[in-house]
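Asker: Starting off with a structure, shown below.
The values are calculated or read from the model by the stated rules, or taken from the named source; none is laboratory data. Everything numeric in this text was worked out from a predicted model, so none of it was measured. All Cβ positions, even for glycine, are placed from backbone atoms using ideal geometry, and neighbour counts span all protein chains on display. Heavy atoms of the whole protein, side chains included, go into the accessibility calculation; ligands, DNA and RNA do not. Shrake-Rupley method; radii C 1.70, N 1.55, O 1.52, S 1.80 Å.
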Amino acid sequence: MDLLDTLTAKGLRRELPTREEAMAVLATTDDELLDVVAAAGRVRRQWFGRRVKLNYLVNLKSGLCPEDCNYCSQRLGSKAEILKYTWLKPEQAAEAAAAGLAGGAKRVCLVASGRGPTDRDIDRVASTIAAIKDANEAVEVCACLGLLSDNQAERLKAAGADAYNHNLNTSEATYGDITTTHTYADRVDTVAKAHGAGLSACSGLIAGMGESDADLVDVVFALREIGSDSVPVNFLIPFEGTPLAKEWNLTPQRCLRILAMVRFVCPDVEVRIAGGREVHLRSMQPLGLHIANSIFLGDYLTSEGQAGQADLDMIADAGFEVEGAGEPTLPRHRSEVTAGGGCGPSGGGCGSGAEAGADAGPEAAHGCGTGGGCGPCGGHAPAVPAQAGTPATPANDEPQPDLVRVRRRGAGTELAPNA
Ligand code: SF4
C-alpha cells in the first residue's frame, strides 16, 4: 500500500507526514488494519525497540474541581461517585508511588485536580517529590497540576520534577465545546511555561468525545508543534454523571488507527496508551503495544485499570520488555534536544526537515489522561478492566455504567494500590 510505505519511510526519517496522509490513516478499512499496525510498528521499533515504559499515577487530590471539562469525572457538577479527598501528605504519596515503582514503573505522575496550583500547593508537591526521590533517586517524576502561573514551572524544576503534563485534549476549533472555564490558548501557554523551565513536556489528547478526524489530526499536529516529548493518547471513558456519559463511539479498530496516526506524526516521541485502554482496546491491547511504547501501570486517577500483573503479563506475552530505570526512553537525538529546552520547531527535535515538531486523559484532563481529569495521563476517566463478556461495541446512545469501574483502592483509601 503506497500510503503505508510512504508513512513508514517518513517515520524512519522523522519526517512529518502531510495532513492528508494522516487523515488517510484514520480512513483505512478493517481489512487494512494489520498492515497499518505493522507499518507503525516498524517506526516504533526504529526509535524505541521493543521497550515499554511503565508510568504510575498518584492522584494527590481527587474531585471537587471548579473547572467544567465535560469529559472529567472531577468536574464542577459531576455526579460521578468517585473518591473525593484533598491533598495527600508527602509520605502518603510516596507510599503509593513506591507500589508502582515496585511493580516496574520508572515514572511517577503526580496529579491534582483543580484549575491550577497555588504557590502553597507547589510547596506541597515539592515536599512530595523530595519524599519520592529520597527513597528512589532514579525515578522520573512528572507533575500534573493544571494551569501554571509565572515561576511555578521553575519552582517545580528546582524541586526535582523531570516533566510536566498538561494535555491539549482536542483541536483548538472544538476546545470550547468541551470546556468553558479555560481556553485552548491557556493550555498551550502552560505547556510552553513547562518547556521553558526545562521540564520535559508531556501533552496529549482525548479521543472519542465526538470530534472529527480533522480535529484529531489537528491536535496531534499541534502536539508535535509544541514539542511534546510524550503524548498520552486517552480514549474517553464516558463516566456516568458527566456530560459525555453517552459518548460510546470508539471501537478497538478505531483506537488502533488513532494510535498509528499519532505514531506517524510523532515518530520519535513517547506515545503512551493512557486512559480507556482496557475499556476500548479490550482484547486488542497487545496490538497497541506494537504502536505505542508506553502505558500506565495499574489504576488511573478515578477509575480502575486491569491488575498490574496483567499489564506485565501482557507485555511479556506480546514479546516486549519493560524499560528499565537506567535506560533512556527517548532516542538520543531527542534527549539532547530536550535537555536543551525542547523539540519544537525551534528546538529542532521532532522531525528533520519538519517544520512542525509535539494533561490527564479522559480521566485526566490536565494530565496524562486517563479518564477524566487532570491526570493521566490516564486522567480521570475510569478505566475498565478487560472482562470476559464485555460487549464488543456498546450501544452509542446509552450510558454503560457497567463498563466503568470507579477507583476504590490505592491513594486516598485504606486499601493497597493496584500495581
Ligand atoms: S480535567 Fe482537570 S481542570 Fe478539568 S475538570 Fe477535571 S480536574 Fe478540573
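Asker: Answer yes or no: is there a residue in the range 99-111 that is within 13 Å of the ligand (Cβ to nearest atom), open to solvent by 40 Å² or more (accessible area, probe 1.4 Å) and under 29 Å from Gly208 (Cα atoms).
Answerer: No, the range 99-111 contains no residue that is within 13 Å of the ligand (Cβ to nearest atom), open to solvent by 40 Å² or more (accessible area, probe 1.4 Å) and under 29 Å from Gly208 (Cα atoms).
Asker: Kindly provide the set of residues from the range 261-317 that are under 12 Å from Asn418 (Cα atoms) and among the acidic types (Asp, Glu), ordered by number.
Answerer: Scanning the range 261-317 gives Asp299, Glu304, Asp311.
Asker: Let me ask something else. Looking for something buried (at least 24 other Cβ atoms within 10 Å of the Cβ), more than 30 Å from Gln253 (Cβ to Cβ) and within 15 Å of the ligand (Cβ to nearest atom) - is there at least one such residue anywhere in the range 183-194?
Answerer: yes
Asker: Then there's this: How about the range 40-79: which of its residues are out of contact with any Phe, Trp or Tyr (no Cβ under 7 Å at 6 or more places or on another chain), open to solvent by 10 Å² or more (accessible area, probe 1.4 Å) and of a type in the set (A, V, I, L, M)?
Answerer: Leu64, Leu76
Asker: Now a separate question. Applying the selection to the range 132-175, what residues are open to solvent by 60 Å² or more (accessible area, probe 1.4 Å) and of a type in the set (D, E, K, R)?
Answerer: Once the filter is applied, which keeps residues that are open to solvent by 60 Å² or more (accessible area, probe 1.4 Å) and of a type in the set (D, E, K, R), the range 132-175 yields Asp134, Glu137, Asp150, Glu154, Arg155, Lys157, Glu172.
Asker: For the range 112-131, give me each residue that is surrounded by 24 or more Cβ atoms within 10 Å (Cβ to Cβ) and touching an Asp or Glu at 6+ places or on another chain (Cβ under 8 Å).
Answerer: Ala112
Asker: Report the residue count in the range 205-245 for those that are assigned to a loop (DSSP other than H, G, I, E, B), at pLDDT 95 or above, open to solvent by less than 10 Å² (accessible area, probe 1.4 Å) and within 20 Å of Arg277 (Cα to Cα).
Answerer: 2
Asker: Residues of the range 115-173 being polar (S, T, N, Q), farther than 20 Å from Ala192 by Cβ and away from the ligand (no atom under 16 Å from the Cβ), which ones?
Answerer: Matches in the range 115-173: Ser127, Thr128, Asn136.
Asker: Scan (1) surrounded by fewer than 18 Cβ atoms within 10 Å (Cβ to Cβ); (2) away from the ligand (no atom under 16 Å from the Cβ); (3) hydroxyl-bearing (Ser, Thr, Tyr); (4) within 17 Å of Cys144 (Cβ to Cβ) for the single condition Thr6 breaks and write down its number.
Answerer: If we test Thr6 against (1) surrounded by fewer than 18 Cβ atoms within 10 Å (Cβ to Cβ); (2) away from the ligand (no atom under 16 Å from the Cβ); (3) hydroxyl-bearing (Ser, Thr, Tyr); (4) within 17 Å of Cys144 (Cβ to Cβ), just (4) comes out false.
Asker: Can I ask one more? Identify the residue in the range 9-18 that is part of a loop (DSSP other than H, G, I, E, B) and within 23 Å of Val219 (Cβ to Cβ) and, among all such residues, is least open to solvent (accessible area, probe 1.4 Å).
Answerer: By that ranking, first place goes to Pro17.
Asker: Further, regarding this structure: Name the residues in the range 65-98 that are near the ligand (Cβ under 10 Å from one of its atoms) and of a type in the set (Lys, Arg), would you?
Answerer: Within the range 65-98, Arg75 is the sole residue that qualifies.
Asker: Taking the range 246-289 as the region of interest, how many residues are part of a loop (DSSP other than H, G, I, E, B), among the polar types (S, T, N, Q) and over 30 Å from Ala9 (Cβ atoms)?
Answerer: Residues meeting the conditions: 1.
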